[in-house]
Amino acid sequence: MKNYNVLVGVFTTAGVVLFAAALFLIGNQHKAFHHHIVFYTNFQNVDGLPKGAKVRVDGMDAGEVQSIQIPSSPAQKFRLKMNVDDQLHGLIREDSLVTVETEGIVGDTFLLIHRGTEHSSLARAESTLQSKEPFEMTKLLEQAQGIMTQAGTTLNGLQGTMMDVTRHLDTTLDTATGTMKNVNSVVLDVHNGKGAAGLLLEDKATAADVKQSIANVRQTTETLNGTSTRIDNILSDVQSRQLIPKMDDTLTAAKSASQNLDLTSQQINTTLKTAFGEDQYGEDAGTNLQQSLTNINQATGNLTDDTEALKHEFFFKGFFKHRGYDNLDDLPVEQYRAGQVFKPLPEARQWIPATSLFSRDGSGEEVLTAQGRGNIDAAVGQLKEIYGKPLIVEGYASGPSPSEEILQSRQRATLVRTYLQLRYHLQAKNTGIVALRSTPPNATGKTTFDGVSLVSVGPKTR
């Protein structure tokens, strides 16, 4: 009996020591036993940056994002509260810059505080640090596409202009050829004494009249000489003002701009061919991207299987049984209507009619409108707390058949959930959808509805 008590005591002591050591290691990993100092920063876009993300100072782990304050209007920014290890306070100055970085290409997103300069003052606690918005590849691609479109339009315009010039030259040459033929015909008729000109050459009286006419022409010529002198003076004035060289310079500049445009177009084409060309194994960018997506889908499927197996383990089975569901994407509709998943179904919810949310695009599919996104934001503001709790998007639709109602109500719920996850950076495990056709749960007091309802339910998820 004595030996048994000794063994129990040793086993208990060892268990307590191991538990304390594990607690210390976990707390030390999250810097729970370090002194922290609080700083703030503001960002227009916090895409992919969740609450609890790491905070690094000059590349060294220093803390985490404690909270994200949602702006009350589109003109304002997200306000982030950061806990930073006090040991790294000396590197953080008033001119320190906060940026959003990513570990690798598809790694986790974190905040990086760049060290300040030596001559700048030490940043005070609770102060707001300057920030730099993250770089978006999509905007660069949109600008490149715009440049290519403008270049193509310019080249098409130049091609049309050259075709017009060529057509006018052909018309002018045809006209000149016809004129020369007419002149040759007239000269031949005059030589043969035909027409008025031939008659003048044969009749002496007419010849005398012609001489008088020539004299008159000479007098007219003298008058024209005076006019020519005045024209020469005008031309001299034009030359003195250097109008012709200026016109030449303008044409030269236009030609240079056209050449530069051609060169720019060639460089853009070369860059695009390099970016989307084949790699060392003969595969193009599209094939490599498709293979990468396939690998990601396979990895996600394996992770889903592992997670599903974990749900049925002894230590986690009770949690999911107590919570009432395994996955918010697969909520049982009938149990949800009866309040068996979330007991009871909450009375506080936000109803948004379909007419103020959706419109149809050219293909006839429903899409969110700008007014609809604003109505969703207003509804979220009424829910107050949406982080850390299950947020259910109930979809409702009235259709010609039950299958159409199920399909349309699920599509509506999916559109709204996607907007909420992108807009408010909600975790996927905490956002669910349920397609209720056109009939709400009995607890809501409504008999029919067409639109979407936002419901924040239950305790905080782990």
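The values are calculated or read from the model by the stated rules, or taken from the named source; none is laboratory data. For clarity, every value in this text was computed on a predicted model and none was experimentally measured. We place every Cβ from the backbone using ideal geometry, glycine too, and count neighbours over all the protein chains shown. Heavy atoms of the whole protein, side chains included, go into the accessibility calculation; ligands, DNA and RNA do not. Shrake-Rupley method; radii C 1.70, N 1.55, O 1.52, S 1.80 Å.
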Going through THR270, THR221 one at a time, which residue ends up being open to solvent by 70 Å² or more (accessible area, probe 1.4 Å), at pLDDT 70 or above, in a helix (DSSP H, G or I) and on the phi < 0 side of the Ramachandran plot? THR270
Run ASN5 past the list (1) surrounded by fewer than 17 Cβ atoms within 10 Å (Cβ to Cβ); (2) in contact with a strand residue (DSSP E or B) (Cβ under 9 Å, 6 or more places away or on another chain); (3) modelled with pLDDT under 80 and report the number of the one that doesn't hold. (2)
Going by the conditions given, is THR179 open to solvent by less than 90 Å² (accessible area, probe 1.4 Å), modelled with pLDDT of 70 or more and either in contact with a Cys (Cβ under 7 Å, 6 or more places away or on another chain) or among the polar types (S, T, N, Q) (or both)? no
Of (1) touching a residue at least 40 places away in the same chain (Cβ under 8 Å); (2) open to solvent by less than 70 Å² (accessible area, probe 1.4 Å); (3) in a helix (DSSP H, G or I), GLN421 fails just (1)
Is it true that ILE376 is assigned to a helix (DSSP H, G or I) and either of a type in the set (Lys, Arg) or open to solvent by less than 30 Å² (accessible area, probe 1.4 Å) (or both)? yes
Among the residues of region 73-94, write down those that are touching a residue at least 40 places away in the same chain (Cβ under 8 Å) and open to solvent by 20 Å² or more (accessible area, probe 1.4 Å). LYS81, ASN83, ASP86, GLN87, HIS89
Quick one: which residue in ALA32, ALA22, ALA14, ALA62 is at pLDDT below 90, open to solvent by less than 40 Å² (accessible area, probe 1.4 Å) and either aliphatic (A, V, I, L, M) or in a helix (DSSP H, G or I) (or both)? ALA62
Within region 36-71, track down each residue that is closer than 17 Å to LEU422 by Cα, out of contact with any Leu (no Cβ under 8 Å at 6 or more places or on another chain) and in contact (Cβ under 8 Å) with a residue 24 or more places away in the chain. GLN44, ASN45, GLY48, PRO50, LYS51, ILE70
Residues being under 22 Å from GLY381 (Cβ atoms), touching an Asp or Glu at 6+ places or on another chain (Cβ under 9 Å) and assigned to a helix (DSSP H, G or I): count how many of those fall in region 429-462. 1
Being touching a Leu at 6+ places or on another chain (Cβ under 8 Å) and loosely packed, with under 14 Cβ neighbours inside 10 Å is the filter; apply it to region 341-368 and report the residue that is farthest from ARG423 (Cα to Cα). ALA348
Report whether or not THR149 is free of Cβ contacts under 8 Å to residues at least 12 places away in the same chain and either surrounded by 16 or more Cβ atoms within 10 Å (Cβ to Cβ) or of a type outside the set (A, V, I, L, M) (or both). yes
Restricting region 116-132 to residues that are of a type in the set (Ser, Thr, Tyr) and more than 32 Å from the chain's Cα centre (by Cα), which is nearest to ARG56 (Cα to Cα)? THR117
Looking at region 379-402 only, could you name the residues that are among the small types (Gly, Ala, Ser), part of a helix (DSSP H, G or I) and open to solvent by 10 Å² or more (accessible area, probe 1.4 Å)? GLY381
